[in-house]
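Encoded as structure tokens, the structure appears first; notes follow it.
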Amino acid sequence: MKMKSKFLMATAALALMAAPALAQEKLKIGMTFQELNNPYFVSMQEALKEAAASIGADVVVTDAGHDVAKQISDVEDMLQQKIDILLLNPTDSAGIEAAVHAAKAAGVIVVAVDANANGPVDTFVGSKNRDAGYMSCKHLGEAVGGKGEVAILDGIPVVPILQRVEGCKAAIAEFKDIKLVDTQNGRQDRSVALGVVENMIQSHPNLVGIFSVNDGGAMGALSAIQGSGKDIKLTSVDGAPEAVKAIADGTPFIETTAQFPRDQVRVGLAMALAQKWGARVVPKEVPIDVMVVDSKNAGEFSW
């Protein structure tokens, strides 16, 4: 990671170390995830519990299962439990706004993690998602020799996914002989993506590359590519263990631009603690760097 990210992690560590001395009473931290059927969010949950334990705080965790109505209900339940801090990983950035307002009305510090939310969020901590899409598709363009037909395996319309697609398209536009021929929604789900990519390959027999907005969908895309027997390069975003292994094994999955979920939640909690304990200036947005993982470094990378 770059110097700025190292500084942020150092700041987060100091905030977490200082919290027990500053606390007047035991804190209760709530975190609602858009899903927990994903190693990315599982690793984030693990890091949250470790950080909370280090400051003697209680943690309430819920899984929305990509259902915004359930996520709103989960937040309402947390407010009934008198949480002090809400870490929010929204399944729908606009749909969750009412819950953000309710939390703020209850005097709760609200930090959005990984994806931002509408409403009076105190701080948003998330990856540089446009950079991630750009870096991944730049790698893809170079890998296919700067020419041919490529496609995008899209996902649910939250801001991070939209930014990844935006970055990808910007990178593709730099290759005058690459043509984007298809964009379809794999819903960031392995089984859905498998069927979508099988149809892509059938509809576009000259396809040479696919960018997936996340590693879960990419693993389904990889199965479809391998089943087709065609030479189609695949890139993605996340840095999930399964994806990193596929890259290290020399499959058509050649690159993932890694995020750092553990860092995101630690920094998010640190920003919330800083505000809870009276910091005069807390940033409204904290971007976390991303990193290309390919055959050169896949053997050594982990979240």
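The values are calculated or read from the model by the stated rules, or taken from the named source; none is laboratory data. Predicted model only: the values in this text are computed from it and were never measured. Quick reminder, even Gly has a Cβ in these numbers, built from the backbone with ideal geometry, and neighbours come from all protein chains shown. Ligands, DNA and RNA are stripped out before the accessible areas are found, and what is left, the full protein with its side chains, is counted by its heavy atoms. Shrake-Rupley method; radii C 1.70, N 1.55, O 1.52, S 1.80 Å.
Seen from all directions on average, the range 223-289 presents a Cα convex hull projection of 5.8 nm².
Centre-to-centre separation between the Cα atoms of the range 107-172 and those of the range 227-303: 12 Å.
The translational diffusion coefficient of the chain, from Stokes-Einstein at 20 °C and 1.002 mPa s with a Kirkwood hydrodynamic radius over alpha carbon pairs, comes to 109 µm²/s. Each residue was assigned an accessible area with a 1.4 Å probe, and for Val158 the value is about 10 Å².
Across the range 206-268, the mean sequence separation of Cα contacts (distance under 8 Å, 6 or more residues apart), normalised by length, yields a relative contact order of 32 percent. Helical runs (DSSP H, four residues minimum) scored at -39500 (n - 2.57) apiece and divided by the length of the chain put the mean residue ellipticity at 222 nm at -15000 deg cm²/dmol. Label reach from Lys176 (point 7 Å along Cα→C-beta): in the range 131-162, amide nitrogens under 16 Å belong to 146-148.
When you restrict to C-alpha pairs under 8 Å that are six or more residues apart and normalise by the size of the chain, the relative contact order lands at 19 percent.
For Asp77 and Lys147, the FRET efficiency from 1/(1 + (r/R0)^6), where r spans their Cβ atoms and R0 equals 41 Å, is about 0.15.
A Gaussian network model of the chain, with springs between Cα atoms under 10 Å, assigns the largest mean-square fluctuation among Asp77, Asp238, Asp154 to Asp77.
Would you mind telling me the share, in percent, of accessible area of the range 74-134 contributed by carbon and sulfur at probe 1.4 angstrom? Here it works out to 45 percent.
If you place +1 on the Cβ of every Lys and Arg, -1 on the Cβ of every Asp and Glu, and leave all else neutral, what size is the dipole of the chain about its Cα centre, to the nearest 20 Debye?
So the magnitude is around 760 debye.
Extension gain for Lys169-Glu25 works out to 46.9 nm (0.36 nm per residue, less the C-alpha to C-alpha distance). Straight-line cross-link partners of Lys147 among the lysines, defined as a Cα under 16 Å from its Cα and at least 8 positions apart when in the same chain: Lys138, Lys169, Lys176, Lys179, Lys233.
Each other residue within a Cβ distance under 13 Å of Asp122 adds +1 if Lys or Arg and -1 if Asp or Glu, for a net charge of +1. Bridgeable lysines around Lys276 (alpha carbons under 19 Å apart, same-chain partners fewer than 8 residues away excluded): Lys26, Lys28, Lys49, Lys82, Lys104, Lys284. Summarising the label geometry, the points placed 7 Å from Cα in the beta-carbon direction at Ala279 and Gln226 lie 4.4 nm from one another. Between Asn37 and Asp58, full extension at 0.36 nm per residue minus the direct alpha carbon distance yields a gain of 5.3 nm. Considering only DSSP states other than H, G, I, E and B, which GluC sites (Glu not before Pro) in the range 166-262 qualify as loop sites with at most 14 other Cβ atoms within 10 Å? In loop regions of the range 166-262 (DSSP not H, G, I, E or B), the sparsely surrounded GluC sites (Glu not before Pro) are Glu174.
Sites listed here are trypsin sites (Lys or Arg not before Pro) in the range 149-182 whose DSSP assignment is loop and whose Cβ has at most 16 other Cβ atoms within 10 Å: Lys176. Looking at the range 106-214, none of the chymotrypsin sites (Phe, Trp or Tyr not before Pro) sits in a DSSP loop with at most 13 other Cβ atoms within 10 Å of its own Cβ. Within the chain, helices built from complete DSSP H runs that reach 24 Å or longer along their own axis (Cα positions) and carry a mean Kyte-Doolittle hydropathy of 0.5 or higher are 3-22.
A dipole drawn for the chain from +1 and -1 charges on Cβ atoms has a positive end, and of Phe211, Ile232, Val290 the residue lying farthest that way is Val290.
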